1. If we scan segment 603-622, do we find a residue that is surrounded by fewer than 21 Cβ atoms within 10 Å (Cβ to Cβ) and closer than 30 Å to Ala432 by Cβ?
2. Go over the candidates Val62, Val73, Val169, Val111 one by one and state the one that is among the β-branched types (Val, Ile, Thr) and either at positive phi or part of a loop (DSSP other than H, G, I, E, B) (or both).
3. Return the residues of segment 173-227 that are out of contact with any strand residue (DSSP E or B) (no Cβ under 7 Å at 6 or more places or on another chain), among the hydroxyl-bearing types (Ser, Thr, Tyr) and assigned to a helix (DSSP H, G or I); say none if nothing qualifies.
4. If the Cβ limit is 7 Å and pairs must be 6+ apart or interchain, which residue in segment 340-362 that is among the aromatic types (Phe, Trp, Tyr) pairs with which residue that is crowded, with 17+ Cβ neighbours inside 10 Å?
5. One residue is enough: does segment 310-325 have a residue meeting the conditions surrounded by fewer than 13 Cβ atoms within 10 Å (Cβ to Cβ) and free of Cβ contacts under 8 Å to residues at least 24 places away in the same chain?
6. All but one of (1) farther than 30 Å from Ala314 by Cα; (2) open to solvent by 40 Å² or more (accessible area, probe 1.4 Å); (3) in contact with an Asp or Glu (Cβ under 9 Å, 6 or more places away or on another chain) hold for Phe39; state the number of the condition that does not hold.
7. Those residues that are over 22 Å from Leu192 (Cβ atoms), open to solvent by 40 Å² or more (accessible area, probe 1.4 Å), within 9 Å of the ligand (Cβ to nearest atom) and at pLDDT 85 or above, I need them from segment 405-436; list them, please.
Amino acid sequence: MSDARHEIETLRREIEEHDSLYYTKAVPRISDQQYDALFQRLKDLEAEHPELITADSPTQRVGERPIEGFEHVEHAVPMLSIDNTYTPDELREFDKRIAKALQDEPYEYIVDPKIDGVSATLRYANGKLALGATRGDGRTGDDITANLRTIRSIPLKLRGSNWPDVLEVRGEAYWPRDAFNRHNEHRIAKGLEPFANPRNATTGTLKSLDTQSIADRGLAFIAHGAGEIVGASFATASEFFDALSDWGIPTTIHQRVCASIDDVIAFVEAWDEKRHALEYETDGLVIKINSIEQRDRLGSTSRYPRWAIAYKYAAEQAETVLIGVDYQVGKLGTITPRAKMKPVQLSGTTVRHASLHNFDQVERLGADHGGLHENDVVLVEKAGEIIPQVVRLVSPGAKRGRKIEPPTRCPVCNGDVEKDEGGVYIRCINPACDAQIKERLKYFCGRDQMDIEGLGDVIVEKLVDQELVESFADLYALKDKREKVEAIEIEQQRKSGDDVKTSIVKFGEKRTQKLLEGIERSKGQPLARVLAAMNIRHVGGSSAELIADHFKSMEAIAAATEEQLQEVDGVGPEMAKSLRAFFASESGQQLWQDLQNAGVNMTQPDTVADTSNAPLAGKTLVVTGTLEQFDRKEIETLIKRLGGKASGSVSKKTDYLVAGEKAGSKLDKAKELGVEILTEAEFVERFVSQQ
Ligand SMILES: [Zn+2]
């Protein structure tokens, strides 16, 4: 055992070292294969010795199942935004204010590229990553620890020594250009719409509930500031960043200390060119006073610190001719317009498309000219390096073409459309719309639902396009259409040297066989997955599991009243209502009965062995706040192992609330309902230590 412990610890240190070399310093010392071998060895050893798994092991970056949602957390120190300037003169004004406030004592600036990513804060308690959160409104953000843990450049445990008891690091999560482009190529190869820009895609990614998919995207993080720090102090920001670097937190190599505002302005001018070559998008620089003591004296207004200012490069604009408008249909049927334009150069790239956001925007653009028309001259802007957008109609075209109008039918299925609740978007309301059917089928086959091997996004699209599949149940009839499936043509990409060659090939016998076997196998999935795969509003994977465990059969769920559904822990009124509406509808009934007739399993197997003697047998627990010893997944697994149930929300049926640091609304609710509240230590002492 001690041998295994020793090897595990050594492997972890080695992997951390290589992660840091690769992700933070970009100088890998071993090949990917060698790295994978180390990682696999660690995984194997941990599988043999599960008691040695700790939250900060590199194998634990990705959670096994989707997370349920995000809790609000209050920031110990508010995350203020920074005031903007756009010209050197404005920078000199800022400098005058500083000089006056500091009564002409010497001071220096520290200048950083302003990364166009998503602000986040990382909190390390005793050197371990305890919390990661979004900026939110600056005072309260969302706890996205599980998602930030998947970013490999963020250490789960600080390196070196002498770290403060509490270290809060502010920074920017972003999607490096290369990784972003690579991901988009995969999306295009799969027939998906590429993401428009890294920043918005990063926001979406960090709010995803599927940690595995986040890990696959290769996001990165760079620190740019400090939050709460307990047990250390720094004279200057430069010192702070040096310390961060020693502790393994990624910092930028492009930081510069400037002795005067003239130096700052020279740096700003030199950067206008260089910034396009960075691995992240940036639209400016952030200029801060270097001395922490001077910062304290300068203080903040209610919105901005007085010791910092951002310099933003002007957005690049160009005029071009609008050729036409595409309509894109999303998975919920939302139809968005996109401008097709005569190619134009913007920020060093050729731009052919620009966002029109929605039809309200189209109307606003054309308001002074009787509407927006094909052949009109428009002004396109690329602000903050994000996706170009049409900002103005400059002049009507000499030969005006068709007027751009909201579609009256869905461009994909020709079905009815309506304005959505907000009145801004137009939505296709035909439930049989191909665009929507495809998205639902992809979800159905997904790894966390029916997990059908061989049925990727490309094939789903082809099956729908060729009218081989319209509903979930149709998948199970594919075995009678084997020849048609084999004949499906797909693109195949082959790499030879640096070239990628694309050829069209038949799906063929072998792939079809594998696909049909995967489909057959999925019939045996437990009820929980079948329920999740049906994509009922508000019913995610974990809820589906609780519901399936409780009712045991689809028939029982379909027959349950809202009240009966709410007897299940974790099922609130909204979910119960949504389930009831689904099973009461003709299409809902049809859907599950067709699946049943196709031979799909509709029952839930009994869970594990008899746990009636286990310490938590029959007990329901809710965990909230930040714990010291466990992360959320660990403690939930532990609760299950001890025979209990871990639920996401507090109700009268909750037996215990385990409350960590910064527990929020769940703690209040538990107090209100008289639920017994345990600290982490009490929980361990009462139920774990006696094991
Ligand atoms: Zn449609």
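The values are calculated or read from the model by the stated rules, or taken from the named source; none is laboratory data. What you see is a predicted model; the values in this text were computed from it and never measured. Don't worry about glycine lacking a Cβ; one is built from the backbone with ideal geometry, like all the others, and counts go over all protein chains shown. Areas reflect the complete protein model, heavy atoms only, side chains present, ligands, DNA and RNA absent. Shrake-Rupley method; radii C 1.70, N 1.55, O 1.52, S 1.80 Å.
1. Yes, some residue in segment 603-622 is surrounded by fewer than 21 Cβ atoms within 10 Å (Cβ to Cβ) and closer than 30 Å to Ala432 by Cβ.
2. Values: Val73 fails: either at positive phi or part of a loop (DSSP other than H, G, I, E, B) (or both); Val169 fails: either at positive phi or part of a loop (DSSP other than H, G, I, E, B) (or both); Val111 fails: either at positive phi or part of a loop (DSSP other than H, G, I, E, B) (or both).
Sole residue among the options that is among the β-branched types (Val, Ile, Thr) and either at positive phi or part of a loop (DSSP other than H, G, I, E, B) (or both): Val62.
3. Thr205, Thr211, Ser213 - these are the residues of segment 173-227 that are out of contact with any strand residue (DSSP E or B) (no Cβ under 7 Å at 6 or more places or on another chain), among the hydroxyl-bearing types (Ser, Thr, Tyr) and assigned to a helix (DSSP H, G or I).
4. Cβ pairs passing all conditions: Phe359/Pro337; Phe359/Ile426.
5. Among the residues of segment 310-325, not one is surrounded by fewer than 13 Cβ atoms within 10 Å (Cβ to Cβ) and free of Cβ contacts under 8 Å to residues at least 24 places away in the same chain, which makes the answer no.
6. (3)
7. Correct list: Arg409, Asn414, Asp416.
Results for (1) open to solvent by 30 Å² or more (accessible area, probe 1.4 Å); (2) in contact with a Gly (Cβ under 9 Å, 6 or more places away or on another chain); (3) assigned by TED's automatic domain parsing to the domain that holds Gly227; (4) modelled with pLDDT of 95 or more, shown as yes or no for each residue.
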residue	(1), (2), (3), (4)
Pro88	yes, no, yes, no
Lys96	yes, no, yes, yes
Leu122	no, yes, yes, yes
Gly136	yes, no, yes, no
Arg139	yes, no, yes, no
Ile144	no, yes, yes, no
